[in-house]
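What follows is one structure encoded as structure tokens, with my remarks underneath.
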Amino acid sequence: MKKVLVVDDEVFIRRMIEVRLRIAGITVIEAENGADAVEKTISERPDLIIMDVMMPKMDGFQACEAIRSNSETSGTTILMLTARGQQIDLEKAMALGILEYITKPFSPKELADKVVGILNAVRREA
């Protein structure tokens, strides 16, 4: 079973995504800030991460940098899900190798469909 780490400091957002992904048969792990996301990426080895940007302790960009700098987690697929829609943020995400940059508000169903499509594509490549 595929595993997705959902990282957002808003519990409502995490629950909304979790429900949709579980319906799709995906195991969901949660983190409420970037520091926890880095730890859980190392310990849980998710197939994909959905990462918010604006969070306490360590923001999403810093967490992505830490994940990318670790040789064991550097290839993890990451989607950014954020309220920050400025071009400079998008460019920063792309420089970090972020696969998708999705702005809030978002459709939980469309996000889940996108995640399933990405996970299926990765499965076919493996």
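The values are calculated or read from the model by the stated rules, or taken from the named source; none is laboratory data. Everything numeric here is computed off the predicted structure, so don't read it as measured data. FYI the Cβ positions are ideal-geometry reconstructions off the backbone, even for glycines, and counts take in every protein chain you see.
Candidates Met80, Met58, Met54, Met94: the one that is in a strand (DSSP E or B) and on the phi < 0 side of the Ramachandran plot is Met80. Of all the criteria given as (1) touching a residue at least 24 places away in the same chain (Cβ under 8 Å); (2) touching a strand residue (DSSP E or B) at 6+ places or on another chain (Cβ under 6 Å); (3) not basic (Lys, Arg), the one not satisfied by Thr73 is (2). Which of the residues belonging to segment 56-74 are surrounded by fewer than 11 Cβ atoms within 10 Å (Cβ to Cβ) and either of a type in the set (Asp, Glu) or closer than 21 Å to Lys3 by Cβ (or both)? Across segment 56-74, the qualifying residues are Ser71, Glu72, Ser74. Within segment 86-102, the residues that satisfy the criterion of being charged (D, E, K, R) and either touching a residue at least 24 places away in the same chain (Cβ under 8 Å) or under 22 Å from Val115 (Cβ atoms) (or both) are Asp89, Lys92, Glu100. Residues of segment 105-126 that are loosely packed, with under 14 Cβ neighbours inside 10 Å and in a loop (DSSP other than H, G, I, E, B): Pro105, Ser107, Ala126.
Out of all the residues in segment 42-51, which are closer than 22 Å to Ala83 by Cα and either part of a loop (DSSP other than H, G, I, E, B) or without any contact (Cβ under 8 Å) to a residue 12 or more places away in the chain (or both)? Across segment 42-51, there are no qualifying residues.
Scanning segment 37-47 for residues that are among the acidic types (Asp, Glu) and surrounded by 18 or more Cβ atoms within 10 Å (Cβ to Cβ) returns a single hit, Asp47. Of all residues in segment 4-15, none are among the aliphatic types (A, V, I, L, M), part of a loop (DSSP other than H, G, I, E, B) and surrounded by 16 or more Cβ atoms within 10 Å (Cβ to Cβ).
Taken residue by residue, segment 83-103 has no member that is modelled with pLDDT of 95 or more, among the small types (Gly, Ala, Ser) and buried (at least 16 other Cβ atoms within 10 Å of the Cβ). Count of segment 17-41 residues, restricted to those that are among the β-branched types (Val, Ile, Thr) and either in a loop (DSSP other than H, G, I, E, B) or more than 14 Å from Val6 (Cα to Cα) (or both), is 2.
Out of Asp47, Asp36, one residue alone is in contact with a Lys or Arg (Cβ under 8 Å, 6 or more places away or on another chain), acidic (Asp, Glu), modelled with pLDDT of 95 or more and within 16 Å of Gly117 (Cα to Cα). It is Asp47.
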